[in-house]
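Participant: This is the structure I want to talk about, given as structure tokens.
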Amino acid sequence: MYRYLCWLLTILSVKHYTFSIPTVPSNWWQYPYPYDVLSLAESQEKLQNENLIDSYTESTEQSYGQRRLRNCLDPKIGRLGRKVRYGCSKRRNKSRRLDGLCNDFENPASGSLYYRFGRNVPLNATVRDEKNLYNPNPRDISRTLMKRKNFIPVTIVNILVTGWVQFMTTDWFDSGKNDRSRHFKVPIRDDDPDFYDTMEIPMTRQDSCGNSKDYDTYQNTVTHWWDASQLYGISKQINRRIRTRKDGKLKLTSNNRLPIDPSNGVPITGSSLNWWVGLGIFHIIWTREHNYVCNMLKERNPTWNDEMLYNTGRLIIAAVIAKIHTLEWTTAILQNDVAKLGLKSNWYGITPIEIARGNATLAAWLIKQFPQFSNGVLGAVGNPKNIRGVPYSLTQDFIAAYRLHPLLPDEFEVRSHQTDILVKRYDMKDAVFEKAESVFEENSMEDLIYTFGNDYPGAMTLHNYPNFLRNLDIPATSLRGKGNVDMATIDILRDRERGMPRYNAFRRLFHMTPINKFEDLTTNPTHAEELRHMYNNDVELIDFLIGSLAESPLPEGFGFSDTFFRIFTIMARRRLESDRFFTDDYTSEYYTQWGIDYIDDTYMKDILLRHYPSLASHLQQNVANVFIPWKSQTSLDKNFPYPLY
Ligand code: HEM
């Protein structure tokens, strides 16, 4: 078949047939190779050209003086009145700042703390639809379409995937403490088993800078950069608490865990938001790895002081985390050859012969037909910075695509890594916030990592939202403040509140084919019927999250929807190529040569084995990717591109 296709393509090109790439096709994954690759590349380019929308473009009616008083950020100047721009010299900013300023010298505030989220759709499409805020009622959606009856596992990945992705999102974005002076009031039905009368949900905190009348804007309360701020914090106050001030290291207890904050019972780290065991595992591992990197740097640079070791260690840790996310986490949850090629192209780049999967005839044909591929695709890392004309920020759409709560289980069973015997069973509600610490007390890290390395997370589909999150007690000590909430209701309402277009509108704005009927969305007739009923037979009303959870079939090997994936195709590369520390300044001068080599050579498995060597019997050569259930990786996968063990 493959040889036939190559032959066919060659004949077609010789006979000068016009065989152009379909313009941003809806289902790239249904085209034969190499048209799937080409159409996805075309789609990514179109999105990069048209869907990076700056939310600082409005002409504000407020005067400069008023905006200065309100702590407004201007992409070009930084905080108004403070002239950050002039403090942004390369000499003074050789490492990542806690506030994220001065990464892009032309736009010193971009990507920093309190910089606004951008958008991936035009601003005029992001106006909140007040009239339909409760249509359909989000709690009804939670009860009818999201409630988990039986746990539906996703078997291509393990639960480490769930903890890891939250570890990532808490680095990238946080919409901050809600505004408790303004509430949504979601009507509750009489037969509701958990809530009564109305569910009061505080609104998202307002943009402290105000904005134009035409659309709402929101600020990030952490830095937008991939800078490991979840470990290092975003303020001097947090940073002071986590550092030992000796040899660049971070604080750990004598048994290599994180110190606990007595005021709330959760560990002291950069961000302990929505803490649970799966998230805690990665904070502990990466704090240990930071200290290991500092040891290595000190050995090679004995005269360096605490600050130099810490700053260089942070640069290196942020980069190796970004690499592991790009080449390991994402290729585990998207086990698809085309997606893997794209991910490799984001980090290292790909050659025409790689695009042609080693077939020289096909590579020659590709270059002839599509000269833009003659150099392949350059990797973002180590190449010149490219902000594509739009100062860097993450986007509201990006947040919406990471509402991956169904990945969480409702319970888990810890098993011994030595004997595989059941040690203890936990309900998730007893493993979150301050209760997570007792799970660490009662079990070894090795047993927890082994358990999560083999257990399945929940599938990103309808009827699979964790029930503990649908009736979640947030303790008073939490950063968000006390509350009894249904996160499924909140996930739906937040997208509506923040002007996220509904599913079909979003597809149009993302150059994807819209659906005409419920059966276009899903091949599951029961789901189609349930959706029709909930959305009053109107496909335009389907919420972005619900449409994405309902999508079926998915591209081969995908752990979430193609619609989510499209947002990642535009933003995954952007996070790397806009950041000078991954591009212009990804050099041995900044990282040291040891650091650059370490980033290239280190994969998640190396880090697990370094700190937990007794896992070695489970992490044999067959386990190429630690985010795929370990026991399922029974043979060496020769086609698996990364990591190369
Ligand atoms: C036990 C684990 C978790 C708990 C208790 C939890 C709880 C919460 C809470 C309370 C919020 C804020 C709700 C609001 O807007 O008022 C939130 C937001 C969010 N969560 Fe989770 N979550 C957990 C795990 C996860 C995981 C695994 C992911 C996967 C990526 C995730 C992704 C998000 C996202 C994207 C938001 C929106 C953030 C924003 O608006 O800036 N969460 N979660």
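Since every read-out is calculated from the coordinates, none of them should be taken as a lab result. All of these numbers come straight from a predicted model, not from anything done at the bench. Note that each Cβ is placed from the backbone with ideal geometry, even for glycine, and that neighbours are counted across all protein chains shown.
Participant: What number in nm² do you get for the range 494-645 if you take the convex hull of its Cα atoms and divide its surface by four?
Facilitator: 13.5 nm²
Participant: Can you compute the modelled spin-label distance between Asp427 and Thr155, with each label point 7 Å from Cα toward Cβ, in nm?
Facilitator: It works out to 2.9 nm between the two label points.
Participant: Next question. Can you tell me the dipole magnitude for the range 82-215 around its Cα centre, using point charges on the Cβ only (Lys, Arg +1; Asp, Glu -1), in Debye to the nearest 20?
Facilitator: 920 debye
Participant: Within the range 549-642, report the GluC sites (Glu not before Pro) that DSSP leaves as loop and that have at most 13 other Cβ atoms within 10 Å.
Facilitator: Values: sites: Glu551, Glu556, Glu577, Glu589; in loops: Glu551, Glu556.
Sparse-neighbourhood loop GluC sites (Glu not before Pro): Glu556.
Participant: When the gyration tensor of the range 443-494 is built from Cα positions, what are the square roots of 5 times its three eigenvalues, in whole Å, from largest to smallest?
Facilitator: 26, 19, 8
Participant: From the phi angles alone, apply the Karplus equation (6.51, -1.76, 1.60; θ = phi - 60°) to the range 100-113 and give each ³J(HN,Hα) in whole Hz, x where the residue is Gly or Pro.
Facilitator: Working through the residues one at a time gives x, 6, 6, 7, 9, 5, 6, 10, x, 8, 4, x, 8, 4 Hz.
Participant: What Kirkwood radius, in Å to one decimal, follows from the Cα pairs of the range 411-570?
Facilitator: Final number for the Kirkwood radius of the range 411-570 is 18.4 Å.
Participant: Relative to the present Cα-Cα distance, how much length would full extension add between Arg205 and Ser254 at 0.36 nm per residue of separation?
Facilitator: 13.7 nm
Participant: Scan around Gly349 for amide H atoms under 5 Å from its own, H built in the peptide plane at 1.01 Å from N, and keep only partners 5 or more places away or cross-chain.
Facilitator: It is Gly379, Ala380, by chain and number.
Participant: Run the quick spin-label model on Ser552 and Gln369: label points 7 Å from Cα toward the beta carbon, then report their separation in nm to one decimal.
Facilitator: So the label points at Ser552 and Gln369 sit 3.4 nm apart.
Participant: Which percent, nearest 5, of DSSP beta bridges in the chain are antiparallel?
Facilitator: Numbers: 25 of 27 bridges.
In the chain, approximately 95 percent of DSSP beta bridges are antiparallel ones.
Participant: Also, I was wondering about something else. Give me the lysines in straight-line cross-link reach of Lys46: C-alpha distance below 27 Å, same-chain residues under 8 apart excluded.
Facilitator: Cross-link targets: Lys76, Lys323, Lys340, Lys344, Lys368, Lys385, Lys517.
Participant: While we're on this one: So which trypsin sites (Lys or Arg not before Pro) in the range 144-177 end up in coil per DSSP with only 11 or fewer other C-beta atoms within 10 Å?
Facilitator: Filter output for the range 144-177: Lys149.
Participant: I need the per residue convex hull volume for the chain, using only the alpha carbons, in cubic angstrom as a whole number.
Facilitator: Details: hull volume 105.4 nm³, N = 645.
Taking the convex hull of the Cα positions in the chain, it is 163 Å³ per residue.
Participant: Between Leu133 and Thr513, what FRET efficiency comes out of the Förster formula 1/(1 + (r/R0)^6) with R0 = 22 Å and r the beta carbon distance, rounded to 0.05?
Facilitator: 0.20
Participant: Next question, about the same structure. Convert each backbone phi in the range 570-576 into a coupling constant with the Karplus relation 6.51 cos²θ - 1.76 cosθ + 1.60 (shift: θ = phi - 60°), then list the ³J(HN,Hα) values in order as whole Hz, x for Gly and Pro.
Facilitator: 7, 8, 5, 6, 4, 4, 8
Participant: From Cα pairs below 8 angstrom and at least 6 apart in sequence, can you work out the relative contact order of the chain, rounded to a whole percent?
Facilitator: Relative contact order for the chain comes out at 19 percent.
Participant: Can you grab the distance from the C-alpha centre of the range 179-237 to the C-alpha centre of the range 556-619, Å, no decimals?
Facilitator: Spelled out, the Cα-based centre of one part sits 30 Å from the other.
Participant: Right, something else. List every residue whose amide H lies under 5 Å from the amide H of Gly118, counting only residues 5 or more places away in sequence or on a different chain, with H placed 1.01 Å from N in the peptide plane.
Facilitator: Amide H to amide H, under 5 Å and 5 or more residues apart or across chains, Gly118 pairs with Leu394, Thr395, Gln396.
Participant: I've got another one for you. Within a Cβ distance under 11 Å of Asn524, other residues only, what is the Lys/Arg minus Asp/Glu net charge?
Facilitator: So the environment of Asn524 carries a net charge of -4.
Participant: Now for a different question. What is the extension gain from Asp192 to Thr419, computed as 0.36 nm multiplied by their sequence separation minus the C-alpha to C-alpha distance, in nm to one decimal? Don't skip to the answer; put the middle values down first.
Facilitator: Working: separation 227, 0.36 × 227 = 81.72 nm, distance 4.42 nm.
Length gained, Asp192 through Thr419: 77.3 nm.
Participant: Give the long-range amide H neighbours of Asp455: residues separated by 5 or more places, or on another chain, with amide H under 5 Å away, using H modelled in the peptide plane at 1.01 Å from N.
Facilitator: Those lying under 5 Å, H to H, from Asp455 are Ile159.
Participant: As I understand it, the dipole of the chain uses +1 on the Cβ of Lys and Arg and -1 on the Cβ of Asp and Glu, about the Cα centre. Which of Pro262, Leu133, Leu343 lies farthest toward its positive end?
Facilitator: Pro262
Participant: Given a cut-off of 22 Å, name the pairs among Lys94/Lys236; Lys94/Lys246; Lys185/Lys429; Lys177/Lys236 whose C-alpha atoms lie farther apart than that in the structure shown. Show your work: numbers first, answer last.
Facilitator: Numbers: Lys94/Lys236 18 Å; Lys94/Lys246 20 Å; Lys185/Lys429 25 Å; Lys177/Lys236 19 Å.
Table pairs above 22 Å Cα-Cα are Lys185/Lys429.
Participant: What length, rounded to one decimal in nm, is gained on full extension from Gln620 through to Arg180, with 0.36 nm per residue of separation minus their alpha-carbon distance?
Facilitator: 153.3 nm
Participant: Here's another thing I want to ask about it. Determine which aspartates and glutamates satisfy two conditions relative to Lys249: a Cα distance under 16 Å, and not lying fewer than 8 residues away in the same chain.
Facilitator: Glu289, Glu299, Asp306, Glu307
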